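What follows is a short report on a single structure.
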Amino acid sequence: MIKLTTPLRDEDIKKLKSGDAVSITGVIYTARDAAHARLVKLLEEGKELPFDVKGQIIYYAGPTPAKPGQPIGSCGPTTSYRMDSYSSAILDQGLKGMIGKGARDQKVKDSIVKNGAIYFAAVGGAAALIAKSVKSSEIIAYEDLGAEAIRRLEVVDFPAIVINDCEGNDLYEIARNSSK
């Protein structure tokens with residue numbers, strides 16, 4: 001298990017390879033497709049984003065409401081391809097990591113390489129377990145989107161697996177090719 005601390009640094013990303021198991025500690029942000037659409041619209045209008053994405057990780061999740069005494073409810077990953085049409089524009093702004101589930105399209109994989117970024121998968125079906133690594137949660141933008149609002153999460157030992165590394169390797173393709 002490779003321990004990572006946010007914000008991500010280029011030297012940390014360069015060491016990661018597809019298939020590496022990681023635990024992430026620090027701040028990550030949640031955002032799904034509705035929030036991504038708004039972020040890209042801001043970029044197209046030449047406006048500032050509601051948070052500085054440089055070196056940061058966006059987790060594709062829409063957490064459920066927190067139970068009393070808990071910082072967050074169930075917090076599993078959303079299917080990442082729903083963000084594919086927006087991801088390159090945000091990566092170009094300095095975003096260094098994305099967490100979700102499922103494969104990415106070629107344009108996103110090319111943008112990951114171009115921007116020296118990384119794509120992680122969180123384990124689907126482990127939403128309650130993942131929520132245990134969240135120590136605090138605060139809505140920072142688009143509260144009107146409910147579960148899809150952008151949240152700033154403080155996490156400790158958030159588990160993930162490197163799918164697409166900054167050299168263009170894809171764990172899903174590696175697995176498909178090795179099973180032939």
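Bear in mind that the values in this text are calculations on the coordinates, not laboratory data. Just so you know, these numbers come straight off a predicted model, no measurement behind them. All Cβ positions, even for glycine, are placed from backbone atoms using ideal geometry, and neighbour counts span all protein chains on display.
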Under 14 Å from the mean Cα position of the chain (by Cα) and without any contact (Cβ under 8 Å) to a residue 60 or more places away in the chain - does that describe any residue in segment 109-118? yes
Kindly list the number of the only condition in (1) free of Cβ contacts under 8 Å to residues at least 40 places away in the same chain; (2) assigned to a helix (DSSP H, G or I); (3) out of contact with any Asp or Glu (no Cβ under 7 Å at 6 or more places or on another chain) that fails for residue 81. (3)
So, in segment 32-76, of the ones that are β-branched (Val, Ile, Thr) and assigned to a loop (DSSP other than H, G, I, E, B), which residue ends up surrounded by the most Cβ atoms within 10 Å (Cβ to Cβ)? 72
For segment 143-179, name all the residues that are outside any strand (DSSP E or B) and under 16 Å from residue 56 (Cα atoms). 165, 166
Failed criterion for residue 129 (all others in (1) in a helix (DSSP H, G or I); (2) within 20 Å of residue 39 (Cβ to Cβ); (3) aliphatic (A, V, I, L, M); (4) without any contact (Cβ under 8 Å) to a residue 40 or more places away in the chain hold): (2)
Near pairs, Cβ below 6 angstrom, 6+ apart or cross-chain, from segment 143-163 (within 21 Å of residue 35 (Cα to Cα)) to any residue that is of a type in the set (D, E, K, R): 148/32; 149/143; 152/138; 154/135
